[in-house]
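A short write-up of the structure that comes next.
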Amino acid sequence: MTDSPSLPTVRLRPKAEARAIRHGFPWVYADELVTDRRTQGLVPGTIARLEDAERRPLGVVTVNPKSKIIARVLDRDESAVIDRAWIAARIARALALRERFYDAPFYRLVHAEADGLPGVIIDRFGEAAVVQPNAAWAEAMIGDLAAALAEVTGVTTIIKNGTGRARGLEGLAEETTVLAGGLDGPVPVPMNGAVYMADLVGGQKTGLFFDQRDNHAFAARLAKDARVLDVFSHVGGFALASLAGGAESALSVDASAAALELAGAGAEAAGSGARFATRKGDAFAVMEALQAERASFDLVVCDPPAFAPAKPALEAGLRAYERVARLAAPLVAPGGYLVLCSCSHAADLTQFRNASARGIGRGGRRGQLLHTGFAGPDHPQLPQLAESGYLKALFFRLDG
């Protein structure tokens with residue numbers, strides 16, 4: 001617990017844009033803060049008061065001198081006390097939103113800055129939850145975070161997933177630990193009429209991507225009686241939703257044997273195992289091989305990892321997205337559907353759409369853009385922070 005009167009103070013430089021913070025922007029970059037010896041000596045995750053250059057209060061922040069994002073706004077009230085009760089109030093507010101949208105407790109419960117808990121991701125899987133403390137303050141207060149989570153939601157198993165690029169940028173070590181309870185194996189997750197098997201300890205990220213739920217549902221509407229190809233499928237995201245939507249067959253392609261095994265278990269759990277198949281390998285190589293085999297599908301979905309996770313990777317990432325579209329388009333039967341996804345926040349919607357359209361053209365096809373999908377309401381966006389709106393899904397019908 002922090003004692004509010006004793007908080008250190010950090011101050012913006014005269015040229016920093018204090019107005020943006022007053023209007024809701026949640027970050028202060030290292031070149032915007034006065035970084036004297038005292039500030040540089042603060043322990044990463046320290047709670048502090050933020051002032052503008054004229055010493056007017058801007059709120060309570062967490063400071064990490066090791067990060068390019070040197071301060072993150074926790075509360076605009078300068079007298080706020082950042083403790084377990086404060087965290088619990090934020091989690092309760094996030095929970096109320098999810099319970100309005102979802103009948104079952106399977107969703108992203110906390111989406112970082114957009115839910116007022118900077119750098120904190122919490123995905124809920126029934127009685128279990130996975131916490132990603134991707135900011136130094138959350139790492140320092142992980143005990144209070146876990147206790148507040150259990151108090152508000154009643155979850156009995158809490159996993160700390162301390163892996164990923166974001167933690168490296170904060171100077172945090174990678175580790176995954178069980179903070180409370182335990183698991184016997186993968187957790188079955190009902191979603192869109194399908195069953196997904198989520199490995200909360202050894203799986204990718206938190207074990208399942210809830211952000212694609214609404215896009216899975218839209219794809220399932222196109223999948224009735226269709227032959228479906230799901231590339232970069234992870235644990236069967238689009239394939240299993242398509243089978244639940246009445247697909248004739250679904251083929252999942254992924255480089256991870258463990259992910260494909262979970263996808264197969266999900267298909268069996270939903271009673272659609274006989275219509276489901278997998279193919280392990282590099283996605284680009286498999287698409288080239290399928291083209292050589294003259295394979296054809298009524299619905300092709302490509303949901304790759306982030307090819308442009310940051311601006312330095314943007315050009316190479318856009319080329320990769322174009323290549324995905326170029327290889328996928330010839331696999332779509334005449335009049336069939338192609339779904340292309342991006343989770344790269346560095347590539348905005350226009351850039352991604354243009355790269356996809358170029359790839360479709362280079363693949364010898366033309367298409368109608370039917371629908372543009374985004375993350376569901378359990379992944380709210382902070383309007384002032386473009387990075388919180390990272391997911392795009394483009395649904396095309398191709399010529400034929």
For this session: For A265, work out the one condition from (1) more than 20 Å from the chain's Cα centre (by Cα); (2) more than 14 Å from G236 (Cα to Cα); (3) touching a residue at least 60 places away in the same chain (Cβ under 8 Å); (4) surrounded by fewer than 20 Cβ atoms within 10 Å (Cβ to Cβ) it doesn't fulfil.
Result: (2)
Problem set entry | Qualifying position, being modelled with pLDDT of 95 or more and open to solvent by less than 10 Å² (accessible area, probe 1.4 Å), among G336, G363 | G336
Problem set entry | Selection within the range 53-86 - in contact with a Gly (Cβ under 7 Å, 6 or more places away or on another chain) and open to solvent by 40 Å² or more (accessible area, probe 1.4 Å) | K66, R76, D77, E78
Exercise. Would the range 331-345 turn up any residue that is over 26 Å from K224 (Cβ atoms) and part of a helix (DSSP H, G or I)?
Worked result: no
Problem set entry | helices (runs of 4 or more DSSP H) lying entirely in the range 75-169 (those with 2 or more residues that are in contact with a Lys or Arg (Cβ under 6 Å, 6 or more places away or on another chain) and under 19 Å from A180 (Cβ atoms)) | 142-153
Exercise. Between residues in the range 153-178 that are open to solvent by less than 70 Å² (accessible area, probe 1.4 Å) and residues that are of a type in the set (D, E), which pairs lie under 7 Å by C-beta distance while being six or more apart or on different chains?
Worked result: V155/E127; T157/E127; G162/E174; G162/E175; T163/E174; R167/E174; L172/E139
Exercise. Identify, please: which residue in the range 176-217 is out of contact with any helix residue (DSSP H, G or I) (no Cβ under 9 Å at 6 or more places or on another chain) and outside any loop (DSSP other than H, G, I, E, B) and is, among those, farthest from P44 (Cα to Cα)?
Worked result: P190
Exercise. How do the pairs read when you match residues in the range 81-94 that are over 17 Å from A114 (Cβ atoms) and touching a residue at least 60 places away in the same chain (Cβ under 8 Å) with residues anywhere that are among the hydroxyl-bearing types (S, T, Y) and surrounded by 14 or more Cβ atoms within 10 Å (Cβ to Cβ), using Cβ under 9 Å and keeping only pairs 6 or more apart or on different chains?
Worked result: V81/T2; V81/S4; I82/T2; I82/S4; I82/T62; D83/T2
Exercise. Which residue pairs have Cβ atoms under 8 Å apart, sit 6 or more places apart or on different chains, and have a first residue in the range 307-333 that is touching a residue at least 12 places away in the same chain (Cβ under 8 Å) and of a type in the set (D, E) and a second that is in a helix (DSSP H, G or I) and open to solvent by 20 Å² or more (accessible area, probe 1.4 Å)?
Worked result: E322/R358; E322/R362
Problem set entry | Any pair with Cβ under 7 angstrom, 6 or more apart, that starts in the range 288-305 at a residue that is at negative phi and ends at one that is charged (D, E, K, R) and surrounded by 16 or more Cβ atoms within 10 Å (Cβ to Cβ) | F297/R227; D298/R227; V301/D230
Problem set entry | Counted residues, the range 170-216 - those being farther than 21 Å from P305 by Cβ and out of contact with any strand residue (DSSP E or B) (no Cβ under 9 Å at 6 or more places or on another chain) | 5
For this session: Could you grab me the full set of residues in the range 290-306 that are surrounded by 14 or more Cβ atoms within 10 Å (Cβ to Cβ), of a type in the set (A, V, I, L, M, F, W, C) and not in a loop (DSSP other than H, G, I, E, B)?
Result: L290, F297, L299, V300, V301, C302
Exercise. Yes or no: R38 more than 19 Å from W137 (Cβ to Cβ), open to solvent by 80 Å² or more (accessible area, probe 1.4 Å) and of a type in the set (K, R)?
Worked result: no
For this session: Looking only at the range 30-46, decide whether some residue is β-branched (V, I, T), in a loop (DSSP other than H, G, I, E, B) and modelled with pLDDT under 95.
Result: yes
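The values are calculated or read from the model by the stated rules, or taken from the named source; none is laboratory data. Please read these numbers as outputs of a predicted model, since none were measured by experiment. Glycine gets a Cβ as well: all are built from the backbone with ideal geometry, and neighbour counts include every protein chain shown. Ligands, DNA and RNA are excluded from the accessible area calculation, which covers all protein heavy atoms including side chains. Shrake-Rupley method; radii C 1.70, N 1.55, O 1.52, S 1.80 Å.
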